[in-house]
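Okay, so here's the structure we're looking at.
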Amino acid sequence: MTTYKLTIAYDGSRYQGWQRQANTDNTIQFILEWSIGKLVGYRVEVTGSGRTDAGVHARGQVASVRLSDDYDPDDLMAAINRYLPEDIRIIKVEQMPNGFNARKSAKGKKYEYYVDCREKPDVFSRRYCYHYPAKLDIEAMRDATEYLIGLKNFSSFTDDKNCEDPFRRITNIKIVRSGEKIRFTYYGTGFLYHMCRILTGTLLEIGNGKRDASKLPVVIAAEDRSLAGFLAPARGLFLRKVYY
């Protein structure tokens, strides 16, 4: 068996997230497994670096798959792409040592969240941006990120009520304004269910003056989801890169 690392881009708008589900075939993982299986002639299992929620996009999701034959990586990429819909694309294939596992081998991830602050949403990016027409204090949001950096219990920033290990390490958060659009970039060892979207909602509330950044340590210590900010919509979130 030969292990391959797949780097994948997808528009998550019409899919029920990454993970295979019992009640639907409309997931990225299922479609990849079906497409590769169609190509090689037997059932395969594709392991993703992690789950993305329904409606979330990826520019650099990573998956691993084991196949019984050796393939030229570029030929394999072209062949898989012929079976995939236009909104899912393999952008790189690499042959890896057999111990490689896209989830277990990952060291960190980078997510990006896009916000459009203009009065009316941009016609061309509205499906990939959260329209939030408010004047935001960028410096206040940047200052607030200092409370979120490091290894912390992020129970207040997840909607997973049964989370057994809520500790995650955020290594950096960047907030960049370009005209009327803002990009939030999150770097960390990993992220909990809805974590990036709740962090974004919390920072937006700080930016528009609805929340005091100095109270963030209290929110974190309370381990209480109700004390954190709102859940920003899925459409603005992209998995940008997985680090190994």
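The values are calculated or read from the model by the stated rules, or taken from the named source; none is laboratory data. Just so you know, these numbers come straight off a predicted model, no measurement behind them. Neighbour counts are summed over all protein chains in view; Cβ atoms, including those assigned to glycine, are modelled from backbone coordinates with ideal geometry. Accessible surface areas use protein heavy atoms only, side chains included; no ligands, DNA or RNA. Shrake-Rupley method; radii C 1.70, N 1.55, O 1.52, S 1.80 Å.
Data overview
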| item | result |
| --- | --- |
| Exclusive hit being open to solvent by 10 Å² or more (accessible area, probe 1.4 Å), out of contact with any strand residue (DSSP E or B) (no Cβ under 7 Å at 6 or more places or on another chain) and part of a loop (DSSP other than H, G, I, E, B), set GLY37, GLY55 | GLY55 |
| Residue check, TYR193 among the hydroxyl-bearing types (Ser, Thr, Tyr), open to solvent by 70 Å² or more (accessible area, probe 1.4 Å), touching a residue at least 60 places away in the same chain (Cβ under 8 Å) and closer than 18 Å to ALA234 by Cα | yes |
| Options GLY201, GLY229; residue that is over 15 Å from LYS152 (Cα atoms), of a type outside the set (Lys, Arg) and in a helix (DSSP H, G or I) | GLY201 |
| Filter result for the condition that a residue is open to solvent by 20 Å² or more (accessible area, probe 1.4 Å), of a type in the set (Lys, Arg) and farther than 22 Å from GLY60 by Cβ, over ARG235, ARG142 | ARG142 |
| Residue tally, condition open to solvent by 30 Å² or more (accessible area, probe 1.4 Å) and among the β-branched types (Val, Ile, Thr), over segment 98-131 | 1 |
| LYS110, sole failed condition from (1) in a strand (DSSP E or B); (2) touching a Phe, Trp or Tyr at 6+ places or on another chain (Cβ under 6 Å); (3) more than 22 Å from TYR186 (Cα to Cα); (4) of a type in the set (Lys, Arg) | (3) |
| Which listed residue is within 16 Å of the chain's Cα centre (by Cα), of a type outside the set (Ser, Thr, Tyr) and modelled with pLDDT of 95 or more, from ARG225, ARG142, ARG183, ARG211 | ARG183 |
| Flag if GLU45 is at pLDDT 95 or above, buried (at least 18 other Cβ atoms within 10 Å of the Cβ) and acidic (Asp, Glu) | no |
| Where ASN172 falls short, out of the listed (1) touching a residue at least 40 places away in the same chain (Cβ under 8 Å); (2) open to solvent by 10 Å² or more (accessible area, probe 1.4 Å); (3) in contact with a helix residue (DSSP H, G or I) (Cβ under 9 Å, 6 or more places away or on another chain) | (1) |
